[in-house]
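As structure tokens, the structure follows; a few thoughts come after it.
Please treat every number below as a calculation from the coordinates, not as lab data. Please read these numbers as outputs of a predicted model, since none were measured by experiment. Note: ideal-geometry Cβ built from the backbone for every residue, glycine included; neighbour counts use all protein chains shown.
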């Protein structure tokens, strides 16, 4: 048998390795679709108090003779009339059930995933504004400092810092709860009181004052799956979609402004 030239052999091995790697990646990324037949209903509740008060309830119920679900939206009041009724594809419901049923994401994994969705430019832009008393730092100075700050710290580290500050506002009290109810097994319940971007982290079980870190779930997939079943004009969807740039820019601008003003004051004659 004629030997295969080494260059051709190495090329063939590379192609084979790539094919095996691709198959392995697809196997790791794919997870079996959850069984939806045992679900009686899925409830998502959202309420907010602060400058205003809002309350919404979203109930998903299987459609007879169909794999899809019917979504009913109300204001959460007893006996209140539906605000909307929509049909939700089974695939969207399966993504939600799968993400909620999977093991919780660690904070590190969640922060990395969120960081991958954010561009540095979007969080380093500072809009001009008037401050009382006037700031000694110009908008151009703050913009340059913000760009340098984001480049130096890195997006992932800034996001981790954002989540590590605890509740930041005294006029913002959100609460959300997810319940998946089954015929033949215990319900799955999760909740969040987080003011932060995406309301992360979510926590397993019913609401408690200080959930243990082990009960926290930093899953970006869970948030995206919830967005997939919610009406886009609902307050809950808007809360989860959020303005990710605003959440981070607020902290970045505060830090660079303090740094700049401190330097200016140190340079003033005593």
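If I model a spin label at residue 68 and residue 182 as a point 7 Å from the Cα along the Cα→Cβ vector, what separation in nanometres do I get?
Result: 2.7 nm between the two label points.
Multiplying the sequence separation of residue 119 and residue 153 by 0.36 nm and subtracting their Cα-Cα distance, what value in nm do you get?
10.9 nm is the gain from fully extending residue 119 to residue 153.
I'd like to compare 89-102, 47-60: which one has the highest average count of other Cβ atoms within 10 Å, and what's the full order after that?
Averaged packing, sorted descending, gives the order 89-102, 47-60.
Separation between the residue 172 and residue 135 pseudo-spin-labels, each 7 Å from Cα along Cα→Cβ, expressed in nm?
1.8
At 0.36 nm per residue, minus the direct Cα-Cα distance, what do residue 238 and residue 262 gain on full extension? Give it in nm, one decimal, please.
Contour length minus the Cα-Cα distance gives 5.0 nm.
Could I have the simple spin-label model distance between residue 41 and residue 53, label points 7 Å from Cα toward Cβ, reported in nm to one decimal?
Roughly 2.4 nm, to one decimal.
Going by average Cβ neighbours within 10 Å, how do the peptides 151-159, 64-72 rank, with the highest at the top?
151-159, 64-72
Compute the Cα gyration tensor for the range 40-92, then decide on rounded, prolate or oblate, letting a ≥ b ≥ c be the square roots of its eigenvalues: rounded whenever a/c is under 1.5, prolate when a/b is larger than b/c in the other cases, and oblate in all that remain.
Since a/c reaches 1.5 and a/b is larger than b/c, the shape of the range 40-92 is classed as prolate.
Determine, for each peptide in 180-189, 252-261, the mean count of other beta carbons within 10 angstrom over its residues, then list the peptides with the highest first.
252-261, 180-189
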